[in-house]
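Here is the structure we will look at, set down as structure tokens.
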Amino acid sequence: MSILQNKVDFVALISVARANSNGDPLNGNRPRTDLNGFGEISDVCIKRKIRNRMQDLGEAVFVQSEDRCTDGFGSLSERASASLKGIKDREEYARRACETWLDVRTFGQVFAFKDTKGFSCGVRGPVSIHQASSISPVEIESIQITKSVNGEKKGKDENRASDTMGMKHFVRFGLYQIKGSINVQLAEKTGFTEEDAATVKECLRTLFVNDVSSARPDGSMEVVKLFWWKHNCKDGQYSSARVHRSVRIAQKDADAIPSCAEDYDIRLEPLPGLEPEIIDGI
């Protein structure tokens with residue numbers, strides 16, 4: 001496996017239809033929006049989905065969610081202790097962690113557990129991902145729901161109804177843009193390979209496979225397009241900002257409320273000497 005030698009930039013366009021793309025726990029789990037009404041998906045949420053897809057593809061992952069734990073460890077500390085026990089040197093600790101887990105050599109990780117004997121070990125990952133934003137302001141709809149079953153048995157003297165009221169929030173429709181880059185200098189430090197970059201690409205293409213929930217029914221979130229630029233050098237032919245700006249997206253009818261990805265005109269501004277691979281998502 002060869003270490004990544006060429007800088008990579010990418011942009012993924014995802015559609016959200018009647019789903020909660022990323023609930024805000026500080027706002028009643030309503031889908032995240034900024035002050036101007038544009039939808040947002042945190043980079044933490046995106047990385048969680050990528051880690052899940054890595055696991056689906058058979059890769060070893062350090063930061064596993066509780067419902068997807070595959071190794072029986074109940075915490076990050078336990079997982080680190082089992083694989084990195086007895087290592088006292090920071091550089092060796094980081095090297096072994098990167099060799100063991102794909103997400104560590106991809107996104108980086110801070111190891112600051114009791115078993116490290118008072119030192120913390122930080123790894124900077126080569127893959128950086130922006131917070132996703134919608135192209136247009138999104139409409140948030142809320143519906144009231146009821147649960148007609150008691151969660152607990154009623155007491156002898158209780159006269160409590162079985163119905164429990166609740167709220168469910170979702171985005172009517174939104175087209176979101178995820179931007180990211182892969183830094184070669186950091187890839188050399190973590191051992192991130194060409195094969196690892198291909199795995200990240202596949203994870204982005206299939207981002208919502210096995211991601212079904214009541215808030216995100218199957219088919220409600222979709223990767224529309226993935227643009228993948230591979231530069232011909234380590235530092236890149238253009239800045240990441242310029243590459244990301246080369247994806248031009250505008251509503252076909254500025255006065256209409258968009259309801260699908262086809263309501264947008266998506267075009268690429270030419271960058272001489274740099275052509276993207278354009279991939280349809282699923």
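The values are calculated or read from the model by the stated rules, or taken from the named source; none is laboratory data. Just so it is clear, the model here is predicted, and its values are computed rather than measured. Here the Cβ is made from the backbone with ideal geometry for all residues, glycine too, and neighbour counts use every protein chain on show.
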Which of the residues belonging to region 229-241 are of a type in the set (A, V, I, L, M, F, W, C) and either closer than 26 Å to SER259 by Cα or not in a strand (DSSP E or B) (or both)? CYS233, ALA241
Could you tell me whether any residue of region 255-272 is within 30 Å of ARG18 (Cβ to Cβ), surrounded by 13 or more Cβ atoms within 10 Å (Cβ to Cβ) and among the polar types (S, T, N, Q)? no
How many of the residues making up region 49-94 are among the basic types (Lys, Arg) and either touching a Cys at 6+ places or on another chain (Cβ under 9 Å) or buried (at least 18 other Cβ atoms within 10 Å of the Cβ) (or both)? 5
Go through region 223-254 and count every residue that is surrounded by fewer than 15 Cβ atoms within 10 Å (Cβ to Cβ) and either out of contact with any Lys or Arg (no Cβ under 8 Å at 6 or more places or on another chain) or under 18 Å from VAL184 (Cα atoms) (or both). 12
Give region 19-65 a look and list any residue that's basic (Lys, Arg) and within 18 Å of ILE129 (Cβ to Cβ), or say none. ARG32, LYS47, ARG48, LYS49, ARG51, ARG53
Scan of region 202-215 for residues that are touching a residue at least 60 places away in the same chain (Cβ under 8 Å) and either β-branched (Val, Ile, Thr) or crowded, with 19+ Cβ neighbours inside 10 Å (or both), ordered by number: CYS203, LEU204, THR206, LEU207, PHE208, VAL209
Taking the residues in region 26-42 that are buried (at least 16 other Cβ atoms within 10 Å of the Cβ) and of a type outside the set (S, T, N, Q) as candidates, determine which candidate is farthest from ILE182 (Cα to Cα). ARG30
Inside region 234-282, can you point out the residues that are among the hydrophobic types (A, V, I, L, M, F, W, C), under 17 Å from ALA12 (Cα atoms) and at pLDDT below 95? ILE282
Could you go through region 168-184 and let me know if any residue there is modelled with pLDDT under 95 and more than 26 Å from GLU277 (Cβ to Cβ). yes
Name the one entry in VAL11, VAL16 that is within 30 Å of GLY273 (Cβ to Cβ), surrounded by 16 or more Cβ atoms within 10 Å (Cβ to Cβ) and within 16 Å of the chain's Cα centre (by Cα). VAL11
Just to be sure I understand the filter: pairs with C-beta atoms under 8 Å, separated by 6 or more residues or on different chains, first member in region 88-105 and without any contact (Cβ under 8 Å) to a residue 24 or more places away in the chain, second member small (Gly, Ala, Ser). Which pairs pass? ARG96/SER83
